[in-house]
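Here is the structure we will look at, set down as structure tokens.
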Amino acid sequence: MQSQKTYTVDEALKKMEHFCSYQERCHKEVAQKLYTMRMIPDAIDHIMVKLMQDNFLNEERYAKAFVSGKFRIKKWGKQRLTRELKQKDIGKTLITMALQTISDHEYLNTFHALAEKKAESITETNPLKKKKKLADYLFYRGWESHLVYDKVNELF
């Protein structure tokens, strides 16, 4: 059986600084990583505090980066973004603040472009099945139901 490497607090801190500087991280991800490195709870707390003091770890910055990236790249709607951030234990206030970084104009333009592109790619001939496929796709991406239903009815 192979023994797992153990880390001193300083080694773990350096490793986590690198982990956080490479990509924005939330508290939950860092704590899980430290746990898998077999750090004791006191050491995890100490390292987390140090990372926050040195600005390697910042939930507000994380939430904004997450929302911006997932919205622009994966074209997720606000409901999916909210759900994913809640799973990462991000607070309601920070989620609201991060979602406000998306302008209403950009949000709606992205939604319409995504819906129209998907509608063109659906090969289904039955109009009801076609509507359902588009609606399911947009709901999975986290777009609000009133937007989805209006768009589906407009397109088909």
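Every read-out reported here was derived from the displayed coordinates using simple, explicitly stated rules and does not represent laboratory data. For clarity, every value in this text was computed on a predicted model and none was experimentally measured. When we count neighbours, we look across all protein chains shown, and the Cβ atoms used for this are built from the backbone with ideal geometry, even at glycine.
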| request: Report relative contact order for the chain in percent, whole number only (criteria: Cα-Cα under 8 Å, sequence separation at least 6). | output: 21
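Within the set of other residues whose C-beta is less than 12 Å from the C-beta of residue 97, count the net charge using Lys and Arg as +1 and Asp and Glu as -1.
Taking every Cβ under 12 Å from that of residue 97, the sum is +1.
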| said: Report the gain in length on full extension from residue 53 to residue 153: 0.36 nm times residue separation, minus Cα-Cα distance, nm rounded to one decimal. | reply: 30.9 nm
| field | Per-residue [θ]222 nm for the chain (sum of -39500 (n - 2.57) over DSSP H runs n ≥ 4, rounded to 500) | value | -23000 deg cm²/dmol
| query | If the limit is 24 Å between Cα atoms, which of 92/151; 5/28; 92/130; 15/50 go over it? | reply | 92/151; 92/130
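Residue separation times 0.36 nm, minus the C-alpha to C-alpha distance between residue 65 and residue 40: what's the value? Could you put the intermediate results ahead of the total?
Numbers: separation 25, 0.36 × 25 = 9.00 nm, distance 2.96 nm.
In short, 6.0 nm is gained.
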